[in-house]
1. Report the net charge of residues surrounding Arg135, where surrounding means a beta-carbon distance below 13 angstrom and charges are Lys +1, Arg +1, Asp -1, Glu -1.
2. Which angle between 0 and 90 degrees, to the nearest 10, do you get for helix 159-171 versus the longest principal axis of the chain when only C-alpha atoms count?
3. Relative contact order for the chain using alpha-carbon pairs under 8 Å, separation at least 6, rounded to a whole percent?
4. Please label the shape of the range 50-171 as rounded, prolate or oblate, based on the square roots a ≥ b ≥ c of the eigenvalues of the alpha-carbon gyration tensor (a/c under 1.5 means rounded; beyond that, a/b larger than b/c means prolate, else oblate).
5. What is the angle, in °, between the Cα long axis of helix 336-348 and the longest principal axis of the Cα atoms in the chain? Nearest 10 is fine, range 0 to 90.
6. If I fit a long axis through the Cα atoms of helix 129-142 and take the longest principal axis of the Cα atoms of the chain, what angle between them do I get, 0 to 90°, rounded to 10?
7. Near Arg75, within a Cβ-to-Cβ distance under 11 Å, what is the net charge of the other residues, with Lys and Arg +1 and Asp and Glu -1?
8. Before rounding to the nearest 500, sum -39500 (n - 2.57) across all DSSP H runs of length at least 4 in the chain and divide by the residue total; then give [θ] at 222 nm in deg cm²/dmol.
Amino acid sequence: MTDEILAVENLSRHFGVRRGILFGRSTGTVRAVDGISFALNRGETMALVGESGCGKSTTARLVLRLLEPTTGTIRFEGNYIQDMHGEPLRALRRRMQIVFQDPFASLNPRMTVGQILEEPLIVHHLGDPALRQARVEELLGVVGLAAYHARRYPHEFSGGQRQRIGIARALAVEPALIVCDEPVSALDVSIQAQVVNLLRDLQRRLGLSYLFIAHDLAVVKHVADRVAVMYLGQIVEIGPKHALFSDPRHPYTRTLLAAIPRPDPHRDRLREVAGGDVPSPMDPPSGCRFHTRCPFVIERCRTEPPEPTEWAADHLVACHRAAELPRADGIGVDHVAPAAALRMALYARRRDAAPIG
């Protein structure tokens, strides 16, 4: 595909577990990410969703080479980067950046905002001091802050403003791909709306690609083009957001959607909620990893791992019974998109919402 910017194939990351501090023996392996594949196009937003511990953030760090993969390949802008080191990898980091979940912990409290935004320019040897200062002021304007904010420290800002600073830092070196690791989960609802609208506006203006990690499916449906659902280190369903939200084919996807609160408590809907606890990634179940919690489990699910199969155009499902399950009209979250859009639009127009530069 000519407009493909990122392709991940059979990517895995396993962590060894040892007992003891210095010379402890190995007691097992955590399969944090276990053989996932997906592709991201230019100007597109792909969301990774799933319960805590399913491997979303580990996937993000593998894509950025902040973690080394155990197996698999990562192709970015046509280059295989899983074996890159030294200067080639450092140069590549200009094209890939990240916005962290915690907007306070990700900013150095001993540096002013100006120093924080100038640091990536210095690391990549971009411009002289005067040009870097101009670039800092430009970045602050792009994310809706003023030039005088460069002289302040992170603790002098609100949570939403700090996340804007984090976004400005990610934009400093003009990347093509930004990984958003739950960028709004630590913010109030009104501030979430401002940050999400800012990200969408920047994507339209700069042609950015986003790998968007989140657990709020209302936000996901508002911002994503495609959605990948992860469970115990594997992608169980991936497809366009409208197809996945209107007709989810994997029981785990249905569980996530059924758990969304509905605005009308009297409206009937099918409740397909998984029972039990999430198994340990140190000892995942045989066969389909979701079979211990699945309401549709059969004997084949317990013994044979399902392969991703195409349900519709660009819609893949890893489930033996995907074709047998009834259409999930009762779970469909038709209310999510309008509610989220209204919420985003409402708060974006609040009096205290900072303008987009």
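1. -4
2. Its long axis makes an angle of about 80 degrees.
3. Here the relative contact order equals 19 percent.
4. oblate
5. 10 degrees
6. Value to nearest ten degrees: 50.
7. Result for the neighbourhood of Arg75: -3.
8. Roughly -9000 deg cm²/dmol at 222 nm, from the helical runs in the chain.
Every number in this text was worked out from the coordinates using simple rules, so none of it is lab data. The structure displayed is predicted, hence computed values, not measured ones. FYI the Cβ positions are ideal-geometry reconstructions off the backbone, even for glycines, and counts take in every protein chain you see.
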